[in-house]
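Notes follow once the structure below has been shown.
The values are calculated or read from the model by the stated rules, or taken from the named source; none is laboratory data. Just so it is clear, the model here is predicted, and its values are computed rather than measured. Methodologically, a virtual Cβ is constructed for each residue, glycine included, from the backbone with ideal geometry; neighbour enumeration extends over all protein chains shown.
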Amino acid sequence: MAATGVQRMPPFHAPNQRRPPWIFNMLFIVVLLGGANTCGRGEPTAPAAFHEVAVGRLPAGSDPDQIGLIDCDDCGELCSGAPFLGADGTVYFYESRPNNLKMLRAGSSEVMVIAGPRVTARNAQPIDGAVSPDGTIYLLADRGTTTQRYRIYVRAPSEAGWRAADSLDDPDIGWTELSRKRVTAHGSIRIDISPRGAVEVFDFDRRSSAAIVVGDEGGVRRADARIKLPPGAVGRLNHTIRRSDHTTVVAGAEGTRVFSTSGVFLGTDARDNLYFRAPGPADGVDLLRRYGPEGRLLAEGTVPARPIASLLLGKGTFQLAPEGDIYQFRMTPKGLEVTRWTTENQP
């Protein structure tokens, strides 16, 4: 469960040795400001640096295995689709106009294509996707309606086609307030695989959104078997990560840490490290950061900012892989360029 407050930090000294109160205040300030890297002798060390590695390209064109682009004179190249990642590094791209799913496997330049699910209306086309560890593909559609709003299409590796799961609604997910009226926030919904392997539907930021578990290792669940989880992501190492204004609260067996964070939360890796994308120090760049669960800044780097024309549906332009690399998707006249930002030595 998510922590309800900041707990006392575990002692860092011998049980019978008393330390002045200011030492504890200094320790808390370090955690609050995001922590500091230290080596074995307590000396600060610089965070690791992200660097870019090319992954591949989904080419633009009119063929079935290519992405159809719309040329916009004022904003560049546009497409209508949602990229997402598989645990094995496969890049998936659902494109709504031809209604198909393109797949680019790691280390390959060949693009595989499968037909998308049968949809009966334009607002029933998927806007995000996820792939479970066993290879089952989930596509999520947000119809923007007040009933039967979210539709999930499922395709298991052993199946030749798609099947539609029970639709779902929720009063806490996908809503916002506009002019004092409660309205649907179309497109804010995400579907993803949690660090524990559950298929979750949530609202933009898992730190502050409740989530509906729609599937797990047993496959997609019926409507009456789904459960709703409270706000707060749960990492693989059992840390609970919550958002509190501009800070992140991480609670675990070793205590609770609060540290300052800004930007978009990208998720956690297998070590429960936290990843963020924030505006960079200058125009035209973004800032990627990796924090340890105790609040230390482990890695950072500046990356080219995404132009408005390359905004993509679903989880968007930057997505986190389980091992800690951050994939970036950029639309260009040649197609969807895929790169990953990694560190030479994982901390």
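Structural remarks
- Looking across the stretch 126-136, just one residue is crowded, with 23+ Cβ neighbours inside 10 Å and without any contact (Cβ under 8 Å) to a residue 60 or more places away in the chain, and that is P126.
- Just so you know, in the stretch 96-107 the residues that are surrounded by fewer than 22 Cβ atoms within 10 Å (Cβ to Cβ) and among the charged types (D, E, K, R) include one that is modelled with the highest pLDDT, and it is R105.
- Criterion applied to V234, V199, V264, V213 was being hydrophobic (A, V, I, L, M, F, W, C), modelled with pLDDT of 90 or more and more than 14 Å from the chain's Cα centre (by Cα), and the one residue passing it is V213.
- Under the condition of being within 13 Å of T90 (Cα to Cα) and either among the small types (G, A, S) or not assigned by TED's automatic domain parsing to the domain that holds V53 (or both), the residues counted in the stretch 311-331 number 1.
- Among the residues of the stretch 116-140, those identified as closer than 11 Å to R155 by Cα and over 20 Å from the mean Cα position of the chain (by Cα) are G116, P117.
- Search result, residues across the stretch 84-129 that are of a type in the set (A, V, I, L, M, F, W, C) and closer than 26 Å to T184 by Cβ: F84, F93, L101, V119, A121, A124, I127
- Residue list for the stretch 158-201, filter: surrounded by 14 or more Cβ atoms within 10 Å (Cβ to Cβ) and β-branched (V, I, T): I173, T184, I189, I191, I193, V199, V201
- Total residues in the stretch 96-148, condition outside any loop (DSSP other than H, G, I, E, B) and among the basic types (K, R): 2
- Filtered by the rule that a residue be touching a Ser or Thr at 6+ places or on another chain (Cβ under 8 Å) and surrounded by 17 or more Cβ atoms within 10 Å (Cβ to Cβ), the stretch 251-264 gives A251, G252, V258, F259, T261.
- In the stretch 77-95, the residue that is surrounded by the most Cβ atoms within 10 Å (Cβ to Cβ) out of those that are over 17 Å from the mean Cα position of the chain (by Cα) and in a loop (DSSP other than H, G, I, E, B) is C79.
- Subset of the stretch 137-154 [without any contact (Cβ under 8 Å) to a residue 40 or more places away in the chain and surrounded by 18 or more Cβ atoms within 10 Å (Cβ to Cβ)]: A141, R143, R149, R151, Y153
- Residue within the stretch 312-326 that is under 26 Å from E200 (Cα atoms), hydroxyl-bearing (S, T, Y) and without any contact (Cβ under 8 Å) to a residue 60 or more places away in the chain present: yes
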